[in-house]
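Student: I have a structure here, written as structure tokens, and I will follow up with some questions on it.
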Amino acid sequence: MKKAFTIAGSDPSGGAGVQADLRVFASMGVAGLSAITALTVQNSQGVKSIYPVPPQTLAEQIEAVLEDSVADAVKIGMLGTAEHVRVVSEKLREYRLPNVVLDPVLASSGGFTLLEEEGIALLRSLLFPLCRLITPNLPEAERLSDVRINSEEDACRAAAVLLEQGAKAVLVKGGHLSGDPADVLIEGGSSPVCFRHPRIETPHTHGTGCFLSSAIAAHLALNASMEEAVRDSVERLQRGLQRPVVTGEGRGYPDSLAAAGISTPQTHSQRLRRLRGVYVITDPDRGHMEVFQAAVHGGARIIQIRDKRLSSLDLFTLALRMNEQKGDTLFIVNDDPLMALAVGADGAHVGPDDLSPKEARRILGNERLLGVSVSDLEEAARWASYASYFGVGAIFGSATKADAGPPVGVERIAAIKRAHPQIPVVAIGGITRDNIAQVAEAGADAAAVISAVTQAESMEEAVRQLRERFAAGRERRRDLNAHEA
């Protein structure tokens, strides 16, 4: 079996670093070897601190691995100190390692400095000449080449400077430029090759540089040409970004299994665990796709399409498009379990005037979610055996449903949670930025919103603010529960 060796930092959130590299190697049928350069303290929301391993410890890790195995390719990620650069350069020469791909990580996406000036100088002088490919993003390419990059032509000039510093090939990643990205590859003596691709609009981009560089290294281990390795890896990353893995409240990361075309069907329990946070319902007046895209970019955890005026064909076309672009967001179809099945949605939601929950569950089967609107304990008890979650309301009344009934208040959330603690509650009705924390404090697992998003000037920013306030309410509830315990 071909083997790829990653030398990089550890990311306990799993999205980047050695964890991401090994996951990509495995998805491509390449055995993974690893040496840790630093222990990071981070989660999906950012880096808190970094603890570089002693240089001697790094050297001993590399030696132990290479005394026992022959690496067919090497991916190098974060090197936290100048001494790390020296150690890795020495070991690359000593063991004559082939197909070295360097992802020159200089800072985290949140701005946390990962390599100081002395280390950067040593990258140029010691490490670049040993690399078959280096893969800087635009800020890294600017820093390493001293060329300001505002276009593909500028990227080519920066790459040429980096080739003069010793690298055999350079891939300047274009994700930081406006418009659709274009990644520029230049190998010594060859004309530039541009890999253009649509921009995947998603906030879940943690570890994309690690994903791309480790995929290229795996391809080189498998004897692909450089252009083939880069082209397939870019396409693979695109697929992974369309189906990200989201493990926390911050940024998720591209799914290497989805990128490899490996189907991972979701079970009911897996879907149900993701039913947390802001639940956006689309609105035809503001534009379903506009609301949907703002909700995805703003980090909504659940999105429901609701429109009783559209024809079945138009609804199907729209829902199918949304489901293809949902990423890790749960996608729910209102009123129509058959449509939910047809487009592959995560579930359906039914109200008192729709198909009965019993019939809806029969259509959906057991793996998809079924939301059921209830207003009191009697309705909750009647439908508890069929519902995945309760939509409880109208909590504060409703500006969008004339038949929503009078406000039932946040106390109703707590009462239904006490009676059915195993069934998540989505608070519905009149929820705004100013009161969303109240429903979270009352015990709601999610909060459904329409006007609070669609009437905002920036819908994406409105979703972010709603998320922050809901999370603050959940935190206050946890504090209260801990105090009572």
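The values are calculated or read from the model by the stated rules, or taken from the named source; none is laboratory data. Please read these numbers as outputs of a predicted model, since none were measured by experiment. FYI the Cβ positions are ideal-geometry reconstructions off the backbone, even for glycines, and counts take in every protein chain you see.
Student: Step by step: first the residues of the stretch 413-432, then only those that are of a type outside the set (A, V, I, L, M) and in contact with a strand residue (DSSP E or B) (Cβ under 9 Å, 6 or more places away or on another chain), then the one that is farthest from Leu466 (Cα to Cα). Which residue is that?
Tutor: His420
Student: Taking the conditions exactly as written (under 28 Å from Phe5 (Cβ atoms) and in contact (Cβ under 8 Å) with a residue 24 or more places away in the chain), does Ala182 satisfy them or not?
Tutor: Judged against the criteria, Ala182 is not a match.
Student: Looking only at the stretch 138-164, filter to residues that are without any contact (Cβ under 8 Å) to a residue 40 or more places away in the chain, among the hydrophobic types (A, V, I, L, M, F, W, C) and farther than 19 Å from Gly189 by Cβ; which one of those is surrounded by the most Cβ atoms within 10 Å (Cβ to Cβ)?
Tutor: Step by step, filter the stretch 138-164, then rank; the result is Ala141.
Student: Let me ask something else. Report whether or not His197 is within 18 Å of the chain's Cα centre (by Cα) and not assigned by TED's automatic domain parsing to the domain that holds Gly299.
Tutor: In short, no.
Student: Looking only at the stretch 311-332, filter to residues that are touching a Leu at 6+ places or on another chain (Cβ under 8 Å) and closer than 17 Å to Val350 by Cα; which one of those is modelled with the lowest pLDDT?
Tutor: Leu330
Student: Give the number of residues within the stretch 238-295 that are in a helix (DSSP H, G or I) and touching a His at 6+ places or on another chain (Cβ under 9 Å).
Tutor: Counting residues in the stretch 238-295 that are in a helix (DSSP H, G or I) and touching a His at 6+ places or on another chain (Cβ under 9 Å) gives 2.
Student: In addition: Go through the stretch 75-104 and give me each residue that's out of contact with any Gly (no Cβ under 6 Å at 6 or more places or on another chain), closer than 17 Å to Pro55 by Cα and aliphatic (A, V, I, L, M).
Tutor: The answer is Ile76, Leu79, Val87, Val88, Leu92.
Student: What residue, among those in the stretch 179-224 that are polar (S, T, N, Q) and closer than 18 Å to Cys156 by Cβ, is surrounded by the fewest Cβ atoms within 10 Å (Cβ to Cβ)?
Tutor: So the residue we want is Ser191.
Student: Touching a His at 6+ places or on another chain (Cβ under 6 Å) and either without any contact (Cβ under 8 Å) to a residue 24 or more places away in the chain or in the same structural domain as Pro192 (by TED's automatic domain parsing) (or both), is that true of Ala224?
Tutor: It is false that Ala224 is touching a His at 6+ places or on another chain (Cβ under 6 Å) and either without any contact (Cβ under 8 Å) to a residue 24 or more places away in the chain or in the same structural domain as Pro192 (by TED's automatic domain parsing) (or both).
Student: Could you say which residue among Ser109, Ser89 is modelled with pLDDT under 95, small (Gly, Ala, Ser) and either more than 21 Å from Leu222 (Cβ to Cβ) or assigned by TED's automatic domain parsing to the domain that holds Thr247 (or both)?
Tutor: Ser109
Student: Continuing with the same structure: Whether any residue in the stretch 67-84 is farther than 27 Å from Leu138 by Cα, touching a residue at least 12 places away in the same chain (Cβ under 8 Å) and surrounded by 15 or more Cβ atoms within 10 Å (Cβ to Cβ) is what I want to check.
Tutor: Yes: the stretch 67-84 contains one or more residues that are farther than 27 Å from Leu138 by Cα, touching a residue at least 12 places away in the same chain (Cβ under 8 Å) and surrounded by 15 or more Cβ atoms within 10 Å (Cβ to Cβ).
One line per residue, one yes/no per condition, for (1) crowded, with 21+ Cβ neighbours inside 10 Å; (2) hydrophobic (A, V, I, L, M, F, W, C):
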position: Ala387; (1), (2): yes, yes
position: Ile395; (1), (2): yes, yes
position: Ala415; (1), (2): no, yes
position: His420; (1), (2): no, no
position: Ile423; (1), (2): no, yes
position: Ala437; (1), (2): yes, yes
position: Ala447; (1), (2): yes, yes
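Student: Please state which of the following conditions Ala182 fails to meet, knowing it meets all the rest: (1) in contact with a strand residue (DSSP E or B) (Cβ under 7 Å, 6 or more places away or on another chain); (2) within 23 Å of Val74 (Cα to Cα).
Tutor: Unmet for Ala182, out of (1) in contact with a strand residue (DSSP E or B) (Cβ under 7 Å, 6 or more places away or on another chain); (2) within 23 Å of Val74 (Cα to Cα): (2).
Student: Still on this structure: Among Ala394, Ala340, Ala360, Ala387, which is the only one that is at pLDDT 95 or above and over 29 Å from the mean Cα position of the chain (by Cα)?
Tutor: Ala360
Student: Restricting to the stretch 36-63, what's the tally of residues that are farther than 17 Å from His206 by Cα, charged (D, E, K, R) and in contact with a strand residue (DSSP E or B) (Cβ under 6 Å, 6 or more places away or on another chain)?
Tutor: Summing the residues that are farther than 17 Å from His206 by Cα, charged (D, E, K, R) and in contact with a strand residue (DSSP E or B) (Cβ under 6 Å, 6 or more places away or on another chain) in the stretch 36-63 gives 0.
Student: Same structure, new question: Given the criterion buried (at least 21 other Cβ atoms within 10 Å of the Cβ) and assigned to a strand (DSSP E or B), identify the matching residue among Ala20, Ala35.
Tutor: Result of the check over Ala20, Ala35: Ala35.
Student: For Thr267, state whether it is on the phi < 0 side of the Ramachandran plot, over 16 Å from the mean Cα position of the chain (by Cα) and crowded, with 21+ Cβ neighbours inside 10 Å.
Tutor: Considered against the rule, which asks whether it is on the phi < 0 side of the Ramachandran plot, over 16 Å from the mean Cα position of the chain (by Cα) and crowded, with 21+ Cβ neighbours inside 10 Å, Thr267 comes out as no.
Student: Residues that are surrounded by fewer than 23 Cβ atoms within 10 Å (Cβ to Cβ), over 24 Å from Glu116 (Cα atoms) and among the small types (Gly, Ala, Ser): does the stretch 46-63 have at least one?
Tutor: Within the stretch 46-63 (the criterion being surrounded by fewer than 23 Cβ atoms within 10 Å (Cβ to Cβ), over 24 Å from Glu116 (Cα atoms) and among the small types (Gly, Ala, Ser)), the answer is no, since none of the residues qualifies.
Student: Then there is this: How many residues does the stretch 193-207 contain that are part of a loop (DSSP other than H, G, I, E, B) and under 18 Å from Glu140 (Cβ atoms)?
Tutor: Total meeting the criteria: 3.
Student: Kindly provide the set of residues from the stretch 455-485 that are of a type outside the set (Lys, Arg), closer than 20 Å to Ala295 by Cα and out of contact with any helix residue (DSSP H, G or I) (no Cβ under 6 Å at 6 or more places or on another chain), ordered by number.
Tutor: If the condition is that a residue be of a type outside the set (Lys, Arg), closer than 20 Å to Ala295 by Cα and out of contact with any helix residue (DSSP H, G or I) (no Cβ under 6 Å at 6 or more places or on another chain), then Gln455, Glu457, Ser458, Glu461, Gln465, Glu468, Ala471 are the ones that fit.
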